[in-house]
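The values are calculated or read from the model by the stated rules, or taken from the named source; none is laboratory data. Bear in mind the structure is a predicted one, so any value in this text is a computation, not a measurement. Cβ placement follows ideal geometry from the backbone for every residue including glycine, while neighbour counts extend to all protein chains displayed. With ligands, DNA and RNA removed, areas are computed over all heavy atoms of the protein, side chains included. Shrake-Rupley method; radii C 1.70, N 1.55, O 1.52, S 1.80 Å.
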Amino acid sequence: MPTDEQKLWELWGQANGLYSSWAASKNINYYLLFVLYALEGQKEMTQKKICTYTGLAKQTVNSVIRSLKEEGYIELVSGCEDRREKQITLTGKGIAYSSELTSPLRELEHRALQIMGSDRVQQMIDHIKLFHTVLEKEMKKDI
C-alpha cells in the first residue's frame, strides 16, 4: 500500500504530466508554456521572479527567454532601481502568441475548476498553501 508521500508524488507527477502532454500536443515546450503563463499573469517580471513563480531552473528560464526574445515575443527593459535587472514583458506579438497557446488550456482549467466547485477549489488552495508553508519550515530546519 502506497504511503501518503508516494501518493502525493504520484499525483503531483500526473498533474505535471498532463501539462507536459498538453504542451507536446501543441508542439510547444513544457517550459515555454510555464514561462508564458507567468508573463501573462504578472505582466512584467524579472528572470529571477519567473524562476520563483514557476519553480524552473535559472538556465531553463534563460534559454526560454532568449528564444522568446529572438522571436520578438518579449522585450527586456532595464529596471528603474537596478539597471542590471531586466524587466521582461510580452510584446504585442508575444501577447497574441501566448494567448493563442494558453487560452485553450486556461479554458480547460476553468471548466475543471467549475466542475469541482468553489468550495473544493478553495480547500485545495488552502491545503497546498499549508503543505508549502510546513514543508518550507521543515526544510529551513535542515539548512
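Tabulated data for the structure shown
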quantity: Percent breakdown of C-alpha pair distances by 10 Å bin, ordered from the shortest bin, for segment 90-134; calculated: 25, 29, 29, 17, 0
quantity: Estimated dipole of segment 1-50 in Debye, rounded to 20 [Cβ of Lys and Arg +1, of Asp and Glu -1, Cα centre]; calculated: 240 debye
quantity: R0 of 25 Å, Cβ-Cβ distance Ser67-Leu18: FRET efficiency to nearest 0.05; calculated: 0.60
quantity: Only Lys, Arg (+1) and Asp, Glu (-1) charged, at Cβ; segment 87-143 dipole about Cα centre in debye; calculated: 100 debye
quantity: Under the span-like rule (Cα at least 15 Å along the axis, Kyte-Doolittle mean at least 0.5), DSSP H helices of the chain; calculated: 30-42
quantity: Sequence-distant aspartates and glutamates (8 or more away, or on other chains) whose Cα lies within less than 18 Å of Lys137; calculated: Glu5, Asp126
quantity: With DNA, RNA and ligands ignored, accessible area of Asp4 (1.4 Å probe; Å², nearest 10); calculated: 120 Å²
quantity: Mean residue ellipticity (222 nm) of the chain, computed from DSSP H runs ≥ 4 via -39,500 (n - 2.57), nearest 500; calculated: -25000 deg cm²/dmol
quantity: Rounded to the nearest 20 debye, dipole of the chain from Cβ charges on Lys, Arg, Asp, Glu; calculated: 320 debye
quantity: Order by protection proxy (mean Cβ within 10 Å, highest first), peptides 54-60, 111-117; calculated: 54-60, 111-117
quantity: Greater than 22 Å apart at Cα, pairs in Lys58/Lys141; Lys69/Lys93; Lys43/Lys69; Lys26/Lys93; calculated: Lys58/Lys141
quantity: Accessible solvent surface per residue of the chain, calculated while the other protein chains remain in place, 1.4 angstrom probe, Å²; calculated: 74 Å²
quantity: Distance (nanometres) between label positions extended 7 Å along Cα→Cβ at Lys140 and Ile125; calculated: 2.4 nm
quantity: Solvent accessible area, Å² - Val134, 1.4 Å probe, full protein context; calculated: 80 Å²
quantity: Correct choice for percent of Cα pairs over 19 Å apart that was computed from the model, options (1) 70; (2) 62; (3) 50; calculated: (2)
quantity: Modelled label reach - Ser78, point 7 Å along Cα→Cβ, segment 42-63 residues with backbone N closer than 19 Å; calculated: 45-48
quantity: Candidate aspartates and glutamates - alpha carbon under 20 Å from Lys48, same-chain residues fewer than 8 apart omitted; calculated: Glu40, Glu70, Glu75, Glu81, Asp82, Glu85, Glu136
quantity: Summed residue charge, Cβ within 11 Å of Ser98's Cβ, Lys/Arg positive, Asp/Glu negative; calculated: 0
